[in-house]
1. Please work out how much length the chain gains when fully extended from residue 27 to residue 107, using 0.36 nm per residue of separation minus the C-alpha to C-alpha distance, in nm with one decimal.
2. Hey, can you rank 39-52, 83-96, 111-124 by average C-beta count inside 10 Å, highest first?
3. Set the Förster distance to 35 Å, then compute FRET efficiency between residue 87 and residue 19 from the Cβ-Cβ distance, nearest 0.05.
4. At 7 Å along Cα-to-Cβ for each site, give me the label-to-label distance between residue 52 and residue 127 in nm.
5. How many nm is it between the label spots at residue 77 and residue 187, if each spot is 7 Å from the Cα in line with the beta carbon?
6. For residue 67 and residue 178, what is the calculated FRET efficiency with R₀ set at 41 Å and r taken between the beta-carbons, to the nearest 0.05?
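Each reported figure results from applying straightforward, stated rules to the coordinates on display, with no laboratory input. Just so it is clear, the structure is predicted and the values come from calculations on it, not from any experiment. Because the Cβ atoms are built from the backbone with ideal geometry, glycine has one as well, and the counts that use them run over all protein chains shown.
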């Protein structure tokens, strides 16, 4: 194992990320360092000198690790804020739904507003999910999740546009779609597909 591989291995062993992210990081670091070594060798330096200069230019291991982890933490913080926003809007929607049920309010505007809140919380939750997984892995499973998200969001739009024409059977079907989508997302995250 040469110095570049050891350098990359030490950096990646201390990086807090998923296995997929660490593998991508290893490949990118190795590629960038090898490219720089090749350029330095083309300028007339020996391989050993080129490796030393490339590693020095790239930075000390601890600084690289700190920088990579700070970038990863910022991404996680953004995702967490998005999730908190979705939960807050969902709770507000639940409050409006409870008021609607408690006071037997048949107002179409009230129903539309409640449906809109649930739809917004669902969309924000979807954004958080796709932000979390980076959408780099384009699998058939992910395509199915996206399709179900579109179907479920379409259901909420139908509830807003046609609140009196939605039949109970449609509610059951889309309830099943919701449960399926949530289960698939949990499975997707756990197995890092």
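1. So the extension gain works out to 23.0 nm.
2. 111-124, 83-96, 39-52
3. 0.80
4. Reported label-point gap for residue 52 and residue 127 is 5.2 nm.
5. It works out to 3.6 nm between the two label points.
6. With a Förster radius of 41 Å, E is 0.55.
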